[in-house]
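Computed from the coordinates by the stated procedures, all read-outs in this text should not be read as laboratory data. All figures in this text were calculated on a predicted structure; none of them were measured in a lab. Heads up, the Cβs are rebuilt from the backbone with ideal geometry, glycines too, and the neighbour counts pull from every protein chain shown.
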Amino acid sequence: MAIAISQPISICLINQKGGCGKSSTCFHLAGAFAALGKRVLLVDVDPQGSISQAFFGSDAVEQMPVWETVAALFDDECNHIDPQQLIRETHIENISVLPANQHLARFNNPAPEQGGVMQFALREFLEPLEAFDVILFDCPPNLYQCSWNAMIATRHVLIPIPPEDFGTQGIPAVHQAVANARILNPSLRRLGHLITRTDSRILIHREYESRLRQLYDELVLRSTLPELSAFKVALACRNPVQMHAPRTKAAMRVRQLAGEIIDRISNKTQHREAA
């Protein structure tokens, strides 16, 4: 059984490659934490708005004005932002979303370190909030302002990696970005690499996983998220797999991941306190 921790869990999921499972992992992991009774906030900082659409539908999300999305935090014309209006409850108990859509794209600058006070937009908005036990940031497939803002606002970085060339090529750049973000957020830590979309029947997948574990050792999580149809069916039904099909292998894998994350964060916290 995972050890409970006293402080809120905050994790941003980052990889420069699209299709590596960031949004899917956020979506299903939120369900696993919610099922444990944790109050979860999903912060959508991807202009594609995948997490937002997963809960509210594409039409509704695309029609949201800027002041009803996370883009309002970056827009000087949006004053007096009310968290209760910006953060939306979902149809799943214990899960809320700070939504995003295409309005966010114009703020996703490729030189985030030059963003001045904009670099702290997410952190300043989220720091006063006390209503959530877990905050998950779904980032775009780049290391621009949105991902940078998430790293400044969070405590941990989780890097989803599919076991293939394109998924692993950008790892050093992500590690460097985390190191750079620590200048403004000294508490930021790499939670680890999460192997996603893997199929144990495919030899090259097994070889890549073995290589990743050799290269990064304990930084690679024991838990993996395989390519299972239950994930996609649950997403199509707009329900995390834990709610849609809790007895499936997919739901079990996400529960294992949630437990490992809590254990890792708890151990890191205990080590810091002991030091």
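Key figures for this structure:
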{"read-out": "Fully extended contour minus Cα-Cα distance, from Gln63 to Arg222, at 0.36 nm per residue", "value": "53.2 nm"}
{"read-out": "The stretch 114-190: GluC sites (Glu not before Pro) in DSSP loop, at most 10 other beta carbons within 10 Å", "value": "Glu130"}
{"read-out": "Share antiparallel - DSSP beta bridges, the stretch 9-274, percent rounded to 5", "value": "5"}
{"read-out": "Identified option (computed semi-axes √(5λ) of the Cα gyration tensor in Å; candidates (i) 36, 23, 19; (ii) 32, 22, 20; (iii) 27, 22, 19)", "value": "(iii)"}
{"read-out": "Length released on extending from Asp199 to Val117, taking residue separation times 0.36 nm less the Cα-Cα span", "value": "25.2 nm"}
{"read-out": "Sites Glu207 and Glu93 - FRET efficiency at Förster radius 51 Å, r taken between beta-carbons, to 0.05", "value": "0.75"}
{"read-out": "Residues Ser266, Ser52, Ser229, Ser200 arranged by fewest to most Cβ contacts within 10 Å", "value": "Ser229, Ser200, Ser266, Ser52"}
{"read-out": "Spatially proximal aspartates and glutamates relative to Lys22 (Cα-Cα < 15 Å; intrachain offsets below 8 disregarded)", "value": "Asp44, Asp46, Asp138, Glu227"}
{"read-out": "Trypsin sites (Lys or Arg not before Pro) restricted to DSSP loop in the stretch 190-261 with at most 12 other C-beta within 10 Å", "value": "Arg201, Arg247"}
{"read-out": "Which of Cys78, Cys237, Cys146, Cys12 has the fewest Cβ neighbours within 10 Å, and the rest in rising order", "value": "Cys237, Cys78, Cys146, Cys12"}
{"read-out": "Lys/Arg +1, Asp/Glu -1 at C-beta; the stretch 9-274 dipole; positive extreme among Gln256, Gly115, Ala177", "value": "Gln256"}
{"read-out": "Computed over the stretch 9-274: relative contact order in percent, which uses C-alpha pairs under 8 Å that are six or more apart", "value": "25"}
{"read-out": "Net charge dipole size for the chain [Lys, Arg +1 and Asp, Glu -1 on Cβ; Debye, nearest 20]", "value": "1120"}
{"read-out": "Helix-only [θ]222 nm of the chain, DSSP H runs n ≥ 4, -39500 (n - 2.57) each, per residue, nearest 500", "value": "-11500 deg cm²/dmol"}
{"read-out": "Computed FRET value (nearest 0.05) for Val233 with Gln102, which takes r as the C-beta separation and R₀ as 22 Å", "value": "0.20"}
{"read-out": "Relative exposure of Leu212, Leu73, judged by other C-beta atoms within 10 Å (fewest first)", "value": "Leu212, Leu73"}
{"read-out": "Within a Gaussian network of the chain (alpha carbon springs, distance under 10 Å), most fluctuating of Gly192, Gly116, Gly37", "value": "Gly116"}
{"read-out": "Calculated FRET efficiency for the pair Ser187/Asn267, C-beta based, R₀ 22 Å, to 0.05", "value": "0.90"}
{"read-out": "C-alpha center-to-center spacing [the stretch 83-140, the stretch 1-70] in angstrom", "value": "10"}
